[in-house]
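The values are calculated or read from the model by the stated rules, or taken from the named source; none is laboratory data. Predicted model, so just to flag it, every value in this text is computed and none were measured. Using ideal geometry, Cβ is built from the backbone for each residue, glycine included, and neighbour counts are taken over all protein chains shown. Heads up: the accessible areas ignore ligands, DNA and RNA and are worked out on the full protein's heavy atoms, side chains in. Shrake-Rupley method; radii C 1.70, N 1.55, O 1.52, S 1.80 Å.
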Amino acid sequence: MAKKKAIITGITGQDGSYLSEWLLSKGYEVHGIIRRASSLNTARIDPYFDPESKNFLHYGDLADGIDNLIFEIKPDEIYNLGAMSHVKVSFDVPVYTGDVTGLGATRILDAIRRGIENGILDPGVKYYQASSSEMFGTTEPPQSENSPFNPVSPYGCAKLYAYHMTRAYRKGYKMFASNGILFNHESPRRGFNFVTKKITKTACRIKLGVQDSLTLGNLSALRDWGFSGDYVRAIWMILQHNEPDDFVVSTGEYHTVKEFAEKVFEYLDLDFGKYVRYDKSYERPNEVPALLGDSSKIKKVLKWKPTVDFNMLVKMMVDADLEYEKFILNSPSQAIFFDAKKKGGKK
Ligand code: NAP
Ligand code: GDD
């Protein structure tokens with residue numbers, strides 16, 4: 001039987017790396033879209049995208065559209081994970097966020113529509129949209145597939161547009177187009193400027209004596225934090241379902257940012273109060289106070305469930321960061337770079 005082919009936008013990101021690993025383990029031919037960058041941006045996927053592998057990376061950008069790649073590759077499944085994904089940054093670049101995170105999805109959906117109509121693509125091609133709990137914004141928790149959306153950030157608004165376009169194309173053109181409404185999910189591969197990773201990495205540096213404080217914004221925000229490895233399994237299951245649909249993916253448990261930080265400092269045997277500072281510049285113009293997902297539907301229909309709880313997630317991220325930071329400290333070539341950074345001041 002021919003290998004299934006998948007295209008992943010955002011393959012260089014946290015979820016893209018776990019999803020490609022998962023699809024490779026299932027025997028897929030994986031095609032990833034990467035952006036040209038002045039410094040290498042493939043660190044998360046380098047371990048399994050070696051030049052010998054039958055997997056492929058292509059330059060492309062959601063602002064430009066990837067129509068030609070879709071028509072050439074003729075994938076069975078397209079996972080649209082690419083996005084300007086940082087909520088606070090979206091207030092700085094609202095138009096760009098709308099273009100990439102919102103219109104980027106429409107560019108792909110419409111390429112699929114044209115590809116099917118012109119006989120280039122199989123009508124059964126499946127599309128996954130990486131929708132977000134940020135779309136719920138100020139809606140009272142818990143939030144499910146039936147809750148109202150009240151986004152309060154440019155990112156949340158762009159994601160909600162893409163969510164509705166996915167449903168519109170599903171209904172209007174009978175396309176297999178599904179939304180996963182994923183609540184926050186983290187991992188050792190999480191980008192540094194998201195709060196969990198910022199906390200675990202900085203706390204490890206404090207533990208090793210190379211940084212003296214951690215500066216955060218709103219400590220009272222509540223988030224439902226899961227593990228990216230569990231969530232990409234859900235993403236794949238959503239596209240293997242016998243019909244296109246929309247699913248909330250979450251753990252059903254929430255904690256404040258403060259609780260997450262306290263847990264990390266406690267695990268490292270450090271005094272939270274001694275090291276953590278507040279800076280208003282990390283606050284957003286609008287805050288999303290509380291996200292707590294009700295994922296009963298995906299548990300019932302697809303039999304998905306998370307395997308990593310809050311304590312396991314904290315431990316997993318701290319252990320990985322501690323090992324990495326020790327490696328940097330003990331590696332002579334990296335140490336030169338590290339010293340230079342230290343002289344350059346704090347992050
Ligand atoms: P991430 O680590 O920030 O990765 C984002 C990916 O999008 C990166 O590969 C990035 O490429 C790529 N990208 C950015 N701008 C692009 C553009 N103009 N064209 C093509 N690709 C572009 O995000 P993630 O945590 O893996 O999340 C994956 C998706 O799920 C995103 O759409 C995110 O908004 C959504 N989501 C995430 C969560 C979460 O908690 N993690 C929850 C709900 C929804 P570079 O590496 O070159 O920057
Ligand atoms: N990033 C960051 N940095 N957040 C901070 C900080 C800080 O120094 N201090 C406090 N916070 C608070 C934020 O105000 C927010 O309430 C919470 O920590 C979580 O922030 P992030 O980790 O940046 O995540 P997010 O919830 O805004 O967005 C993430 O989850 C969404 C799903 O709900 C991203 O992954 C989005 O792409 C995703 O869609």
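Structural remarks
- The residues of region 271-281 that are in contact (Cβ under 8 Å) with a residue 40 or more places away in the chain and either surrounded by 14 or more Cβ atoms within 10 Å (Cβ to Cβ) or within 20 Å of the chain's Cα centre (by Cα) (or both), listed by number, are Y275, V276.
- None of L268, L214, L239 is open to solvent by less than 20 Å² (accessible area, probe 1.4 Å) and in contact with a Cys (Cβ under 8 Å, 6 or more places away or on another chain) except L268.
- Options L302, L219: the member that is open to solvent by less than 30 Å² (accessible area, probe 1.4 Å) and touching a residue at least 40 places away in the same chain (Cβ under 8 Å): L302
- On inspection, Y169 fails the criterion of being surrounded by 19 or more Cβ atoms within 10 Å (Cβ to Cβ) and near ligand 1 (Cβ under 10 Å from one of its atoms).
- Residue satisfying all of: in region 3-55; within 12 Å of Y79 (Cβ to Cβ) and among the aromatic types (F, W, Y); surrounded by the most Cβ atoms within 10 Å (Cβ to Cβ) among these: Y18
- Just so you know, in region 106-156 the residues that are closer than 23 Å to V87 by Cα, among the charged types (D, E, K, R) and outside any helix (DSSP H, G or I) include one that is most open to solvent (accessible area, probe 1.4 Å), and it is E140.
- Evaluation of A63 against (1) open to solvent by less than 50 Å² (accessible area, probe 1.4 Å); (2) out of contact with any Pro (no Cβ under 9 Å at 6 or more places or on another chain); (3) within 16 Å of ligand 2 (Cβ to nearest atom) (one fails), failing number: (3)
- Matching residues, region 242-257, being of a type in the set (S, T, Y), assigned to a loop (DSSP other than H, G, I, E, B) and open to solvent by 10 Å² or more (accessible area, probe 1.4 Å): T251, Y254
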